[in-house]
Amino acid sequence: MKRLWFPGAFVALIILIAIAAPVLGLPDPVRQDIARRLAAPTATSWLGRDEFGRDVLSRLIWGARTSLGVAFASALTAGLIGVVLGLIGGWSRGTAAFLSVRSMDIILCFPPVLLALLVVTLLGPGAATLILVLSVLYLPGFARVTYSEVLSVRGRDYVEATRALGGRTWYILLRTVLPNIAGPILVQLSLAVAAAVVLESGLSFLGLGVVPPAPSWGLMIRGARATMEQAPLLLVWPCAALTLTILAMNLLCDALRDAVDPRTSGR
């Protein structure tokens, strides 16, 4: 559990800053000031100004709010639907398992980036479209993890005892089975959030994600390419924020995996 403290605290700090963006007194992240275009860092603008004179620090923090909001919304949506499908398939098996879990293999047949590009191109860019696309992409992972975990615990003594006491199916699934398989699902959730941040930034970089002038790390990287010779730091800040966030989330995923794994949790 000690390994959870540092990455957990770092991720919590990033989330807290993103949530507190409206009350931090930051400049308007979309307000342009062409007169101060590519201005160097100052006491009032700690990270300088971008190619349109917008405050980089403000856009960085509001970009974290956008990227993390899309990532968490899509991961939670996929997790909720996927867990329900996995519980139904793992408990009922047979036709229910085929319809709820095996059908997820259709989504897995498509490369994630290609499927995301196809849907975003058809429906148009935007945060709502991104949440829909990412939810569909990460749905099979939750369904398959939940399905396999339900199969491993459905015959355990505590499940049979609850059934013998007359517990109904949904009571057994929600009060007995689900709490005992929550560890792997939590790990899958952290992996989905980290992957969603990367994919959201990539789609925004390609112009198929968040619609300008809304702040996003991918859009900031895209905009900084044209001026990287005059102001290389404009490319450094969003890349550093994205790298540190993904690194912290991956460390958190590893720590969570070790914490819920019975082979390593006792170390």
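Any read-out appearing in this document is the output of simple, stated calculations on the displayed coordinates, not a laboratory observation. All figures in this text were calculated on a predicted structure; none of them were measured in a lab. Note that each Cβ is placed from the backbone with ideal geometry, even for glycine, and that neighbours are counted across all protein chains shown.
How high is the relative contact order of the stretch 1-106, in percent, with contacts defined as C-alpha pairs under 8 Å that are six or more residues apart?
The value is 18 percent.
Which three extents, in angstrom, do the Cα atoms of the chain have along their principal axes, listed largest first?
Sorted from largest, the Cα extents of the chain read 75, 44, 29 Å.
Under the rule of -39500 (n - 2.57) per DSSP H run of 4 or more residues, summed and divided by the residues of the chain, what mean residue ellipticity at 222 nm is obtained, to the nearest 500 deg cm²/dmol?
-21500 deg cm²/dmol
Could you work out how much longer the chain between M228 and A128 gets when fully extended? Use 0.36 nm per residue separation minus the Cα distance between them, nm to one decimal.
The M228-A128 span can extend by a further 32.9 nm.
Give me the three principal axis extents of the stretch 155-222 from the C-alpha atoms, as integers in angstrom, largest value leading.
60, 17, 14
First select every other residue whose beta carbon is under 12 angstrom from the beta carbon of D28; then total the charges, Lys and Arg +1, Asp and Glu -1.
Once all neighbours under 12 Å are counted, the net charge is +1.
In terms of the Cα gyration tensor, with a ≥ b ≥ c the square roots of its eigenvalues, is the stretch 78-192 rounded because a/c is under 1.5, prolate because a/b exceeds b/c, or oblate? Before the final figure, lay out each step's value.
Values: a/c = 2.90, a/b = 2.35, b/c = 1.24.
Here the stretch 78-192 falls in the prolate category.
Just to confirm the number: angle between the C-alpha axis of helix 112-123 and the first principal axis of the chain, 0 to 90 degrees, nearest 10?
Helix 112-123 and the main axis of the chain meet at about 70 degrees.
Tell me the angle of helix 233-260 to the major Cα principal axis of the chain, expressed in degrees between 0 and 90 and rounded to the nearest ten.
So the inclination is approximately 20 degrees.
So who's got an amide H within less than 5 Å of the one on A39, skipping anything under 5 residues away but keeping other chains? H placed 1.01 Å off N, in plane.
Under 5 Å from the amide H of A39 lie the amide H atoms of R49, each far enough along the sequence or on another chain.
How high is the relative contact order of the chain, in percent, with contacts defined as C-alpha pairs under 8 Å that are six or more residues apart? Walk me through the numbers on the way to the answer.
Numbers: 364 pairs, mean separation 64.5, N = 267.
Relative contact order of the chain: 24 percent.
With +1 on each Lys and Arg Cβ and -1 on each Asp and Glu Cβ, how big is the dipole of the chain about its Cα centre, in debye rounded to the nearest 20?
Magnitude of the dipole: close to 440 debye.
What does the convex hull of the alpha-carbon atoms of the stretch 42-132 project to on average, in nm²? Could the numbers behind the result be given before it?
Values: hull surface 33.3 nm².
Over all viewing directions, the stretch 42-132 projects a mean Cα-hull area of 8.3 nm².
FRET efficiency for T44 and F110, Cβ-Cβ distance as r, R0 = 45 Å, nearest 0.05? Present the calculation step by step, with values, prior to reporting the outcome.
Values: r = 48 Å, r/R0 = 1.06.
The calculated FRET efficiency here is 0.40.
On full extension of the chain, what length is gained from Y171 through I19, given 0.36 nm per residue of separation minus the C-alpha to C-alpha distance?
51.2 nm
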